[in-house]
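What follows is a short report on a single structure.
Coordinate-derived values only; no laboratory data. As the structure is a computational prediction, the values presented were derived from the model and not from experiment. Here Cβ is always computed from backbone atoms with ideal geometry, including for glycine, and neighbour counts include all displayed protein chains.
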Amino acid sequence: MSSATTRPYLSLEEFLELEAEPGRRLEWSAGLVQAMSGGSPEHGRISAKVIMALSRGLDEECTIFGSNTDLWIDGAQFYGQADATIVCGALQTHVVKKKGKVLGEAITNPVVVVEVLSPSTEARDRGEKFEAYKQIASLREYVLVSQDERRVEVRRRTERGFSSDIAGPEDTIRIHGQDVAVSTLYE
């Protein structure tokens, strides 16, 4: 997906009142709006495979959400979406209202965030968005799934920050307590 800033500054309420063009998603970061073009069929297929693989071993106290579910990161002033998120325990959300009307509701406590990398968004997913996601206290794993090669990276929160595990085409990688064969995400 490609991204470009669309307007100089909008409040979160103004952003949530915008209607994105069909096939486009918008993200808000401290007043700046990023227009994300629609994902390719390959991006959508890999995202679905990730959700299916992670759903299989999910504890009953955990729920997996797709790319249409919004995320709010208060410390980063970020409102947007990931390709998949997992929440365990009680769902916590940030609700934005204006004149008594709900404009948006976003998850605030994911334990896993997954991004399927696109050539146009990879740098942002690895950099700016990772810096924002690190500010989520509940986050335990940030998963980056390549679209161009059979490669999965899991960044795990440790006592010292984040460590990184990388798996290739013939490997298995641990995501949210379960072993996932990289090949299953690309079949």
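Annotations
- Global form of the range 24-156, assessed from the alpha-carbon gyration tensor, a/c cut-off 1.5: oblate
- Between residue 101 and residue 156, the C-beta separation translates, for a Förster distance of 35 Å, into a calculated FRET efficiency of about 0.35.
- For the set 99/134; 98/129; 49/129; 97/129; 101/134, the pairs lying more than 29 angstrom apart at their alpha carbons are 99/134; 101/134.
- Value at 222 nm in deg cm²/dmol, rounded to 500, when DSSP H runs of n ≥ 4 in the chain each add -39,500 (n - 2.57): -5000 deg cm²/dmol
- Within a Gaussian network of the chain (alpha carbon springs, distance under 10 Å), most fluctuating of 45, 160, 174: 160
- Considering only 90, 132, 76, the mean-square fluctuation computed in a Gaussian network model of the chain, springs between alpha carbons under 10 angstrom, is largest for 90.
- Cα long-axis angle, helix 41-56 against the chain (0 to 90 degrees, to the nearest 10): 70
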